[in-house]
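> Before I ask anything, let me first share the structure, which is written out below as structure tokens.
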Amino acid sequence: MRPRAGQFRTLDNRVFIMSLGWMVSSAGFAIVIPFLSIYFHEHMGLSMSAIGLFFGFTAVLRAVPQPVAGWLSDRVGRVPIMGVSQILRSLTFAGVGYAIMSGSGFPLIALFISFNYIFGAVLDPAAKAMIADVVSRDQRVSAYGLLRIGGNLGWALGPALGGFVSDKSFSTLFYIAGAMTAISGVYFLVTLKDVPNRNGTRPMAGFRWRDIIDVRQDPLLLRHCLIAFVLFLVVAQLIATLSVYTTETVGISRSQLGILYAINGFMVVFLQLPISSLLRRVSLTGQLASGALVYAIGYFLVGLAAGFPFLVFCMVVITIGEMMISPPSLALVANLSSPEAYGRYMGIFGFFYTSGWSLGPTLGGLLLDVFASRPLMIWTGISLLAMVAGLLYIRFSRRLSEVQNSSVRIGSE
């Protein structure tokens, strides 16, 4: 096994550029999103079920554009999609800030947030397809891990700032987020050089919505997407569900909530590299199944938490699970794809995992309302869902070849 740092030194420079831009973008997003549910609930009087339904609606808005964006990035390039989507997204953050400051009410805020999710969804498959463009198979887990380090450094910085600013002005949060997102978009456009797919061509056939259904012609990708949907229903509890539960039921402050998310972000920054290195020889589905089990343990423990110190321990466990599943889930998509279809495959996978991310708050909101007096029931149900995903990945591993399921070079590959 190569030295851990060596896995990063040999990566294409564009991976480092994207990681830095991802950090700035994530910091802008993380400043506001953990506190948006609190604003809706405390300042606008919306029930958790209503908030969950709103975020469920955004599931469609976040999921549907991804296959189109992935296909488009295969055709016109990754960089234009990444840069322009971020600049447009920055305008929606500013719009939310104005709506809050002017007291415009929920409909206008919801409209801007909806467009924000659309533009954020467009960025995702293009960036992840570009990683597959510029690194070799045995570098994929490391490259996607580095992208996560950048994103989670943003997650570490954003909520810590947001927790303090939100006590003074919610609208200011969104103006700051808009500025940071615009900076990341311009940075992508100025510093990144786009590349064609490795075979030197880009597909010119028009996009067809039935391509989503045609994923059935690749049963391995379809199975991975469906299991990932279940798993990311669990992952999504980190945002709306956990933030409301910990502040209202456990009783921690917003500043302490910001510290919890900062712990999550900094753990990824400092531990993603050694964890990826430690698991390097483990099959991709093995990493995913193990991460799902760790998630199950972490979320079950949340139901037992009675104060901030124990929640810190829960966040540590949950974050370990997060680091175990994210890079291999993307590496597996790239392994199942051909170079000319990286964007489309990442877009299709993004459709499913984003649906899980977006529908997760709906599930969490309903559980919070139904089992408000029995918190252990909430987190036991979420833990069982994680265990189901883990068992499904164990079964899925039997259908994959050694090359498809590996993050290292096999034989003469």
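The values are calculated or read from the model by the stated rules, or taken from the named source; none is laboratory data. Everything quoted here is computed from the prediction, not taken from an experiment. Glycine also receives a Cβ, built like all others from the backbone with ideal geometry; neighbour counts cover every protein chain displayed.
> Tell me, which helices (runs of 4 or more DSSP H) wholly within region 145-237 include 1 or more residues that are at pLDDT 80 or above, out of contact with any Ser or Thr (no Cβ under 7 Å at 6 or more places or on another chain) and of a type in the set (A, V, I, L, M, F, W, C)? If you could, list the steps in order and put the result at the bottom.
Details: elements: 170-191, 210-213, 219-235.
Per the criteria, 170-191, 219-235.
> Turning to a different aspect of this structure: Is there any pair linking a residue in region 59-83 that is of a type in the set (Phe, Trp, Tyr) to one that is crowded, with 24+ Cβ neighbours inside 10 Å, with Cβ under 7 Å and at least six apart or on different chains, and which?
As it stands, the answer is Trp71/Gly343; Trp71/Arg344; Trp71/Gly347, since those pairs meet every condition given.
A quick yes/no check of all residues on (1) farther than 30 Å from Arg9 by Cα; (2) crowded, with 19+ Cβ neighbours inside 10 Å:
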residue: Thr241; (1), (2): yes, yes
residue: Ser255; (1), (2): yes, no
residue: Gly258; (1), (2): yes, yes
residue: Tyr261; (1), (2): no, yes
residue: Tyr299; (1), (2): yes, yes
residue: Gly303; (1), (2): yes, yes
residue: Cys314; (1), (2): yes, yes
residue: Ile318; (1), (2): no, yes
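> Note down all Cβ pairs under 6 Å where the first residue falls in region 359-381 and is under 15 Å from Glu248 (Cα atoms), the second is in a helix (DSSP H, G or I) and not hydrophobic (A, V, I, L, M, F, W, C), and they're at least six residues apart or on different chains.
If the second residue must be in a helix (DSSP H, G or I) and not hydrophobic (A, V, I, L, M, F, W, C), the pairs left are Gly364/Gln237; Gly364/Thr241; Gly365/Ser49; Gly365/Gly52; Asp369/Ser49; Pro375/Thr249.
> Where residues in region 114-136 are surrounded by fewer than 24 Cβ atoms within 10 Å (Cβ to Cβ) and of a type in the set (Val, Ile, Thr), which of them is nearest to Ile51 (Cα to Cα)?
Applying the filter and picking the extreme gives Ile118.
> Any idea which residue in region 56-65 is modelled with the highest pLDDT, counting only those that are within 19 Å of Leu123 (Cα to Cα), of a type outside the set (Ser, Thr, Tyr) and assigned to a helix (DSSP H, G or I)?
First, pick out the residues of region 56-65 that are within 19 Å of Leu123 (Cα to Cα): 58-65.
So of that shortlist, the ones also of a type outside the set (Ser, Thr, Tyr) come out as 59-65.
When the remaining residues are screened for being assigned to a helix (DSSP H, G or I), the result is 59-63, 65.
Details: Ala59: 71, Val60: 77, Leu61: 83, Arg62: 80, Ala63: 84, Pro65: 88.
Restricting to residues being within 19 Å of Leu123 (Cα to Cα), of a type outside the set (Ser, Thr, Tyr) and assigned to a helix (DSSP H, G or I), the top hit is Pro65.
> On the given criteria, is Val76 β-branched (Val, Ile, Thr) and either under 17 Å from Met18 (Cβ atoms) or touching a strand residue (DSSP E or B) at 6+ places or on another chain (Cβ under 9 Å) (or both)? Don't jump to the end; show me each part of the working.
Details: β-branched (Val, Ile, Thr): yes; either under 17 Å from Met18 (Cβ atoms) or touching a strand residue (DSSP E or B) at 6+ places or on another chain (Cβ under 9 Å) (or both): no.
In short, no.
> When Leu91 is evaluated against the numbered criteria (1) surrounded by 19 or more Cβ atoms within 10 Å (Cβ to Cβ); (2) more than 23 Å from Glu340 (Cα to Cα); (3) of a type outside the set (Val, Ile, Thr); (4) at pLDDT 90 or above, which criterion, by number, is the only one it fails?
Here Leu91 clears every test but (1).
> Return a yes/no flag: does region 309-323 have any residue that is within 17 Å of Phe232 (Cα to Cα), touching a Phe, Trp or Tyr at 6+ places or on another chain (Cβ under 8 Å) and either acidic (Asp, Glu) or modelled with pLDDT under 95 (or both).
Within region 309-323, one or more residues are within 17 Å of Phe232 (Cα to Cα), touching a Phe, Trp or Tyr at 6+ places or on another chain (Cβ under 8 Å) and either acidic (Asp, Glu) or modelled with pLDDT under 95 (or both).
> Something else: Any residue in region 79-91 that is in contact with a Ser or Thr (Cβ under 7 Å, 6 or more places away or on another chain), over 24 Å from Met18 (Cβ atoms) and not small (Gly, Ala, Ser)? Even if it seems obvious, please write down each step before you answer.
Step one: filter region 79-91 for residues in contact with a Ser or Thr (Cβ under 7 Å, 6 or more places away or on another chain), giving 81, 86, 89-90.
Now restrict to residues that are over 24 Å from Met18 (Cβ atoms): none.
Among the residues of region 79-91, not one is in contact with a Ser or Thr (Cβ under 7 Å, 6 or more places away or on another chain), over 24 Å from Met18 (Cβ atoms) and not small (Gly, Ala, Ser), which makes the answer no.
> Hey, among the residues in region 346-382 that are crowded, with 21+ Cβ neighbours inside 10 Å and of a type in the set (Gly, Ala, Ser), which one's nearest to Cys314 (Cα to Cα)?
Selected residue: Gly364.
> Answer with yes or no whether Gly103 is in a helix (DSSP H, G or I), farther than 25 Å from Asp133 by Cα and either over 23 Å from the mean Cα position of the chain (by Cα) or modelled with pLDDT of 90 or more (or both). Spell out the reasoning first.
Working: in a helix (DSSP H, G or I): no; farther than 25 Å from Asp133 by Cα: yes; either over 23 Å from the mean Cα position of the chain (by Cα) or modelled with pLDDT of 90 or more (or both): yes.
When the stated conditions are applied, Gly103 does not pass them.
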